[in-house]
Amino acid sequence: MKKRLLVIFMLMILLFSAFPALAQEQTETPEPLPECPIFEDQSTDIRTSYYMGEGLAYMSSEQLAAAEFSFTCIIRVIQPDYMPAYMSRAIIYTRYRDYEKAIEDYTSAIELSPDLLPAFNNRGILYTALQEYEEAAADFDKVLELDPDYMAGYNNRSILYAVQGDWDNALTMLQDAIERSGIETVYEQLTDPERPSDAEEIEYDRIDARAYALIGIVYSSRALENYQKYLFLARGSADQRIQSAAGALESRFTFETRLDDGTWLLTADFSPVGEQEDQP
């Protein structure tokens, strides 16, 4: 009997000792606000301008932690509805490869500015990196809805198709981009054998030309996929000539044009806070 009471008593101790832990799990301590004392007695606009400029300066000199703090001062203390701060901090999180936090900031920017094309574009890249392809497709489609002439959007959407093995839609998208941008006409003019050597320089956006490279990569990746199907079906085959030629094909594509997750090919748009840059 005494032994049974002892067991019950121990169980009660364990049960009651668990309550504080449960309460701690249910109530998270809020993160303290950062201390942002510069120009504390000045207007919101002045303080926002200061910390934004400071953050961009830190970011350009690769002092990412300091840049993150500056943008966080705006977001949490000074002006929580200032969209460029979210866009800028998202870039920092992306460089940290903390894609979830970057997505949160891009989403906040979109909530503040529902037609913000760069936020949809950059968030689509991060969704692609996380292999959340439906969300990525929705963002890239929104980009093209906002601006049907945004060539980086066509390129990014085609890469997403290619990453998923949808070669036909990837190629169709890229051909549409070439036609819409007019880059084919530019190429024809530049390669015209009768073009005078002193002809006026033709202005065009280099991003429009990327569609040609992506078409080549898509065709190469599809060729590699076909070769891999051959290898699977021809196990034990004595057809050395085909295997040798296909092997050369694979070695060239493996190191030059494999898509992997495709994110290294995507084009980010950081225009709200600076010039456009490649990479997520």
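List pairs: first residue in the stretch 33-50 and at negative phi and of a type in the set (Ser, Thr, Tyr), second residue modelled with pLDDT of 90 or more and surrounded by 12 or more Cβ atoms within 10 Å (Cβ to Cβ) anywhere in the structure, Cβ distance under 7 angstrom, at least six positions apart or on different chains.
44/78; 44/79; 48/74; 48/78; 48/79; 48/82; 50/38; 50/39
Residues of the stretch 80-93 being without any contact (Cβ under 8 Å) to a residue 40 or more places away in the chain and crowded, with 19+ Cβ neighbours inside 10 Å, which ones?
Those that are without any contact (Cβ under 8 Å) to a residue 40 or more places away in the chain and crowded, with 19+ Cβ neighbours inside 10 Å: 82, 85, 86, 89, 90, 92, 93.
If only one of 87, 83 is under 19 Å from residue 129 (Cβ atoms) and not β-branched (Val, Ile, Thr), which one is it? Please lay out each step first, then the result.
On the way: 83 fails: under 19 Å from residue 129 (Cβ atoms).
Within the list 87, 83, the selection yields 87.
Residue check: is residue 204 in a loop (DSSP other than H, G, I, E, B) and within 26 Å of residue 266 (Cα to Cα)?
Details: in a loop (DSSP other than H, G, I, E, B): yes; within 26 Å of residue 266 (Cα to Cα): yes.
Yes: the conditions hold for residue 204.
Residues to consider are 158, 197; find the one that is outside any helix (DSSP H, G or I) and either in the same structural domain as residue 220 (by TED's automatic domain parsing) or among the polar types (S, T, N, Q) (or both). Quick ask: steps written out before the conclusion?
On the way: 158 fails: outside any helix (DSSP H, G or I).
So the residue among 158, 197 that is outside any helix (DSSP H, G or I) and either in the same structural domain as residue 220 (by TED's automatic domain parsing) or among the polar types (S, T, N, Q) (or both) is 197.
Are any residues in the stretch 91-121 assigned to a helix (DSSP H, G or I), out of contact with any Pro (no Cβ under 7 Å at 6 or more places or on another chain) and under 22 Å from residue 62 (Cβ atoms), and if so, which ones?
Of all residues in the stretch 91-121, those assigned to a helix (DSSP H, G or I) come to 91-95, 99-112, 117-121.
Subset that is out of contact with any Pro (no Cβ under 7 Å at 6 or more places or on another chain): 91-93, 95, 99-112, 117, 119-121.
Of everything in the stretch 91-121, those that are assigned to a helix (DSSP H, G or I), out of contact with any Pro (no Cβ under 7 Å at 6 or more places or on another chain) and under 22 Å from residue 62 (Cβ atoms) turn out to be 91, 92, 93, 95, 99, 101, 102, 105, 106.
What are the residues in the stretch 143-160 that are of a type outside the set (Asp, Glu) and more than 15 Å from the chain's Cα centre (by Cα), if any?
Filtering the stretch 143-160 down to residues of a type outside the set (Asp, Glu) leaves 143-144, 146, 148, 150-160.
Once the filter is applied, which keeps residues that are of a type outside the set (Asp, Glu) and more than 15 Å from the chain's Cα centre (by Cα), the stretch 143-160 yields 144, 146, 148, 150, 151.
On the given criteria, is residue 201 surrounded by fewer than 23 Cβ atoms within 10 Å (Cβ to Cβ), more than 24 Å from residue 123 (Cα to Cα) and over 26 Å from the mean Cα position of the chain (by Cα)? Don't jump to the end; show me each part of the working.
Working: surrounded by fewer than 23 Cβ atoms within 10 Å (Cβ to Cβ): yes; more than 24 Å from residue 123 (Cα to Cα): yes; over 26 Å from the mean Cα position of the chain (by Cα): yes.
Yes, satisfied.
Which numbered condition in (1) assigned to a helix (DSSP H, G or I); (2) closer than 21 Å to residue 173 by Cα; (3) not aliphatic (A, V, I, L, M) is the only one that residue 228 fails?
Answer for residue 228: the failing condition is (2).
Run down 127, 154, 150, 96 and say which single residue is of a type in the set (Phe, Trp, Tyr) and surrounded by fewer than 18 Cβ atoms within 10 Å (Cβ to Cβ). Break it down into steps so the answer makes sense when it comes.
Numbers: 127 fails: surrounded by fewer than 18 Cβ atoms within 10 Å (Cβ to Cβ); 154 fails: surrounded by fewer than 18 Cβ atoms within 10 Å (Cβ to Cβ); 150 fails: surrounded by fewer than 18 Cβ atoms within 10 Å (Cβ to Cβ).
Result: 96 is the single residue among 127, 154, 150, 96 that is of a type in the set (Phe, Trp, Tyr) and surrounded by fewer than 18 Cβ atoms within 10 Å (Cβ to Cβ).
Among the numbered criteria (1) assigned to a helix (DSSP H, G or I); (2) in contact (Cβ under 8 Å) with a residue 24 or more places away in the chain; (3) over 25 Å from residue 148 (Cβ atoms), which single criterion is violated by residue 66?
Failing condition for residue 66: (2).
So which of 211, 246 ends up being at pLDDT 65 or above and either surrounded by 10 or more Cβ atoms within 10 Å (Cβ to Cβ) or part of a helix (DSSP H, G or I) (or both)?
Working: 246 fails: at pLDDT 65 or above.
Only one candidate qualifies: 211.
Report whether or not residue 166 is over 29 Å from residue 84 (Cα atoms) and free of Cβ contacts under 8 Å to residues at least 40 places away in the same chain.
Numbers: over 29 Å from residue 84 (Cα atoms): yes; free of Cβ contacts under 8 Å to residues at least 40 places away in the same chain: yes.
In short, yes.
The values are calculated or read from the model by the stated rules, or taken from the named source; none is laboratory data. Since we're looking at a predicted model, the values are computed, not measured. Neighbour counts are summed over all protein chains in view; Cβ atoms, including those assigned to glycine, are modelled from backbone coordinates with ideal geometry.
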